[in-house]
Structure formats: C-alpha cells, structure tokens
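The values are calculated or read from the model by the stated rules, or taken from the named source; none is laboratory data. Fair warning: this is a prediction, and the values are worked out from it, not measured in the lab. As a convention, Cβ positions derive from the backbone with ideal geometry for all residues, glycine included, and neighbour counts pool all protein chains shown.
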Amino acid sequence: MYVAVKGGETAIRNAHKLLADKRRGDRSVPSIRLDQIVEQLALGVDRVMAEGSLYDLELAALAIKQARGDMIEAIFLVRAYRTTLPRFGYTLPVETAAMAIERRISATFKDLPGGQLLGPTFDYTHRLLDPELAADAAVEAPEERVEETHEPAPRVTDILGHHGMIETDGELPEGTAPGDLTREPLAFPLERDLRLQALARGDEGFLLGLAYSTQRGYARSHPFVGEIRIGEVEVELEVAELDFPLTLGRIRLTECQMVNQFKGSAKQPPQFTRGYGLVFGQSERKAMSMSLCDRALRARELGEDVTAAAQDEEFVISHSDNVQSTGFVEHLKLPHYVDFQAELDLVRRMRAEHERRDVQETAE
Amino acid sequence: MTRDFQEMSATADAGRKAAMALLAQATADEMTRFWSVWTDKPEVETLRGPETGLVMVRGRIGGSGAPFNLGEATVTRATVRLGSGAVGHAYALGRQGEKVRLAAVFDALWQDDAKRDVVEKTVLAPIAQRLDEELRTKRAETAATKVDFFTMVRGED
C-alpha cells in the first residue's frame, strides 16, 4: 500500500536546487553546450534517441545534459517529452537498400559488390587511452578517395537470397497493420513486428547480455554477421493535403542482418535463417544484439525447443524496456512507511508465536 | 480528367515533390538568408503552425519484408497563404519553426509560374548543390576506408 504523506516540500525544493548546482559544477569550467554534446558525444546522443525512441539530436543532447550524463535518466526524459506532442502519422517504411552508406561490412563475404567499407569504427584500434586527446591536439582532416563511378551496395541478404539458400524477408499475412506498442498494451504472444519495435527501443545492456547468452549455448543459433550497414536514409510521409509522399529529411540508422544456420524442419528444408536489427543512429553493438535476440525469439515460429531465457518472448520483451525497469526498481525507495509498519507488526506477532512454542516445548 | 492532364499533373507533382524535399533539407540559416534577399516579398498569412509533432518511422522486417514501427521522430509543419492566394505547405524533421514557415512560403512561390524559375535558381539550386557536395565528401571519405584485399602468394621458385 502506498499512502500519501505530507511534508518535505522544503527539503525537496532545496534538493532540486542543490541538484541544479551540482549539475553545473565548478563555475570556472565552461558550461557544456548542446552542439558540443551532439558533435563530440555523438554515440551517447544516438543511444538516447534509440532507447528514448525519439529521433531528435538536440533533444537527446539536452536530456544528457539535464541528466548529468545518466543515460537511463536521459532516456526517461525523452520518453516523457514525446507524450506532450501530437502524432502526425506513420511514415512510409524506410529503404535501407538506398542508404547513403558511411560504414558497411560483411563477415560472411569478402568480395561483395560495393566492398567492405570500414567507416568511422573503433574496430582495430588498440584501446589505449590517448593523452593527446586530453591535451586537445588538432585533428587532421580524413582521407578522401574519389571513385569514378559510385558502386551501389546491395544488401548481402539480397545477394544470398537467390537459390533459396537463405530465407526471404520476414513477411506477415497480407494486410496486417503493423502493431504499435505506444498505442496498444502488449498482449502475448506477439508477432515479429511488435517484437522488433520493442527490441529497437530496448536497453542495450540487457539485449547485449541476452545476445551473449545465446552465443554461450543458451539457445545456440550459429550466427554470422551477414551485413552491418550504417548511414542515412530518407524519411517520407503521406499527408492529407498533398497527393504525393513528402520527403521530411534524412535520419541515420544502423542495420544488422544476422545469418544463422538452420537444420530444417518438417516444413522447411535446411537453409540459413535470419535475425534482424535496426536502430536509430550509429549503434552496431545494439543492432547486433537486437538481431541475435530477434532470431532467438523466433524459436516457436521455426519449431525449435524453447529452453533458454533469450527465447522466452514474455521474459525478454517484458524486461527489455529500461524506463519501465527503472521505474519499478527505483520506486522501492519512495516512502513505504505504512507497508513496512504492517510487516513489522506481522513479524512481531510471528516472533511472539515462535517464542511461545519454544517455551511450551521446553516445558514438555 | 484527360490523359494529357493527368500526365501533366504527375510531372508537376514530381517537380513540387522534389522542390519540397530540398526545402525540407534546407538549414534554418539558408531559409533566413534566401528570404532576406528575396525582392518583392509577398504578403504572407500563416494558416497553420508552425507546429511540432511526431511521426512514427517505419522499417521493414529483414529490410524488405513486412513493415514495423521503429520509433518516432520530431517533425514541424506549417501552411501559409500568399497575397496571390497561393497556398504553400512544408514538413521537415526537427523543431525549427521559422525554417519550416519560410519553406512553406517558398513552396507557395514555387507554384506561381512567374516565380518558379527564381525559386529554382536562387533557393533550390544552392540547397541541392550543398547536399550534393556533402554526399560527395561523405562518399569519398567512406571510400578511403574501403578494404582492398590481397592474397599472399607463396613463393614457389
């Protein structure tokens, strides 16, 4: 039971004033600007957009600043903000095949059309802290290589799709309207569209842990990275006042196509199956984790035994949202005085009962 | 509607779609700059907005399968009417109200046969040029990180 209690207004007011002061920190250090956060803490901004489920760089930067760098608090702020805005509609599905590519790699095919493009990656760095960065040394402009013709980069899964070696893209029955968990409460079991929506906004750490568990043998799925691509796609919206879909601008996405061995079932021949990841911003760890979880959660559909946590849809999806999780875990610190008083009484009565029994037993 | 007219309107739609796509990707600075040097400014009445809301961005399962809801994005829209009676619309990602209001003004001006060329030359062309330049740079920077595989040949002689 939660009973409202009065009092503490002054303490709360002063605590928030103290929070504002600590957030600002030493006044002799310049205040951090939102454009600095957007430019120099870009991957943190991307994470807040992905898990806040709202694409807006500046809002995500503001949330990070307001939350003093606490990412889950920042995500919470963004989620709260979105509830204040009207919804104009649903966009047309984005075309990731037409992405303006900034990074694109495949771990399954060396020589793929369009090539392996490393882009701005941490891979192959030595993970040594760089004192020069601390000293703010000037940074050289990147190399450029101008190619005579721009070679398109088709999705690897489309290349492998021929000959039936790999399953086709996930289809749902004709005319299925995509589920929207921001409009309807989740009712299990879910279709894959709703699972993907939940995973796309799910906590990176939680999904990473589950993805790792599938590699360690809990729902083993023999995964390969078919392709990871990062870049910008165009967003289009149909509006009532115009006869053609409008281009709203471009957003950066990370897409991961995980390819998994599948030994076949009564209905299907042996072939490669797929797990899919699509995330706002540049976030390949999240996109990879999402695609591994997506594949594990297809166990029922593919006739596999459900033996591990990562395959349990209700377990994974009910606990993947960090705003929900933090809300319920953190509510424990709110006053539970009356609850606890009742428990205290109960424990006292049980102890009295226990002592009486002891006395009786000794007497006998 | 005659066939000719349908075709004409399809072409006009394609032209306006392309124009609005460029206006949506203009920066706030560009819109302010192009408007400040626009001679013979028309009377502008704001019919709607600028107002900010959300769109739910959709992806497709596996890249080209069934659609699913990926997450939302902020969008700002505005509708204006010029003294001439032409109505302009604009929608763009983000929350830059004044940029979107000016984009709606240029959309209305673009629909005027007498003004279209000037809008194309002084507003749309510079935006398109900047976007092309940015794309070219990004491609060249990315291409410089392309892996050129070579196979080590074992010496046999």
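In table form, for the structure just shown:
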item: Residue match in region A:215-222 (condition: outside the structural domain of A:Ile75 (by TED's automatic domain parsing), among the hydroxyl-bearing types (Ser, Thr, Tyr) and either outside any loop (DSSP other than H, G, I, E, B) or exposed (fewer than 15 other Cβ atoms within 10 Å of the Cβ) (or both)); result: no
item: Strands (runs of 3 or more DSSP E) contained entirely in region B:38-157, each with at least 3 residues that are surrounded by fewer than 18 Cβ atoms within 10 Å (Cβ to Cβ); result: B:44-60
item: Test: A:Glu95 is surrounded by fewer than 16 Cβ atoms within 10 Å (Cβ to Cβ), acidic (Asp, Glu) and either on the phi > 0 side of the Ramachandran plot or under 22 Å from the mean Cα position of the chain (by Cα) (or both); result: yes
item: Matching residues, region A:53-68, being without any contact (Cβ under 8 Å) to a residue 40 or more places away in the chain and crowded, with 24+ Cβ neighbours inside 10 Å; result: A:Leu54, A:Asp56, A:Ala60, A:Ala61, A:Ala63, A:Ile64
item: Number of the exception - A:Val359 against (1) surrounded by 12 or more Cβ atoms within 10 Å (Cβ to Cβ); (2) in a helix (DSSP H, G or I); result: (1)
item: Given (1) over 18 Å from the mean Cα position of the chain (by Cα); (2) over 30 Å from A:Gly277 (Cα atoms), index of the condition B:Val100 fails; result: (1)
item: Cβ-Cβ under 6 Å pairs, at least 6 apart or on other chains, region B:86-102 side in contact (Cβ under 8 Å) with a residue 60 or more places away in the chain and more than 19 Å from B:Glu72 (Cα to Cα), far side surrounded by fewer than 24 Cβ atoms within 10 Å (Cβ to Cβ) and β-branched (Val, Ile, Thr); result: B:His89/B:Thr79
item: Members of region B:77-106 found to be under 14 Å from A:Leu248 (Cβ atoms) and not hydrophobic (A, V, I, L, M, F, W, C), listed by number; result: B:Arg77, B:His89, B:Tyr91, B:Gly94, B:Arg95, B:Gln96, B:Lys99
item: Qualifying residue in region B:56-67 (condition: at pLDDT 95 or above and more than 14 Å from chain A (Cβ to nearest Cβ)); result: no
item: Helices (runs of 4 or more DSSP H) contained in region A:87-201 and holding at least 1 residues at the interface with chain B (Cβ under 9 Å from one of its Cβ atoms); result: A:156-160, A:192-200
item: Condition met for A:Glu167 (over 30 Å from B:Pro67 (Cβ atoms) and not β-branched (Val, Ile, Thr)); result: no
item: Residue match in region A:298-305 (condition: of a type in the set (Gly, Ala, Ser) and under 30 Å from A:Gly231 (Cα atoms)); result: no
item: Residue within region B:25-46 that is modelled with pLDDT under 90 and not hydroxyl-bearing (Ser, Thr, Tyr) present; result: yes
item: From B:Asp148, B:Asp107, residue being farther than 23 Å from A:Asp56 by Cα, within 11 Å of another protein chain (Cβ to nearest Cβ) and at pLDDT 95 or above; result: B:Asp107
item: Check on A:Gly69, outside any helix (DSSP H, G or I) and in the same structural domain as A:Ile32 (by TED's automatic domain parsing); result: yes
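Conditions tested, residue by residue: (1) crowded, with 16+ Cβ neighbours inside 10 Å; (2) among the charged types (D, E, K, R); (3) modelled with pLDDT of 95 or more; (4) farther than 25 Å from A:His331 by Cβ.
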| site | (1), (2), (3), (4) |
| --- | --- |
| A:Val3 | no, no, no, no |
| A:Ile12 | no, no, no, no |
| A:Lys17 | no, yes, yes, no |
| A:Glu51 | yes, yes, yes, no |
| A:Asp70 | no, yes, yes, no |
| A:Ile75 | yes, no, yes, no |
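A quick yes/no check of all residues on (1) at pLDDT 90 or above; (2) touching a Lys or Arg at 6+ places or on another chain (Cβ under 6 Å); (3) under 30 Å from B:Ala18 (Cα atoms):
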{"site": "A:His162", "(1), (2), (3)": "no, no, no"}
{"site": "A:Leu186", "(1), (2), (3)": "yes, no, no"}
{"site": "A:Leu199", "(1), (2), (3)": "yes, no, no"}
{"site": "A:Ile230", "(1), (2), (3)": "yes, yes, yes"}
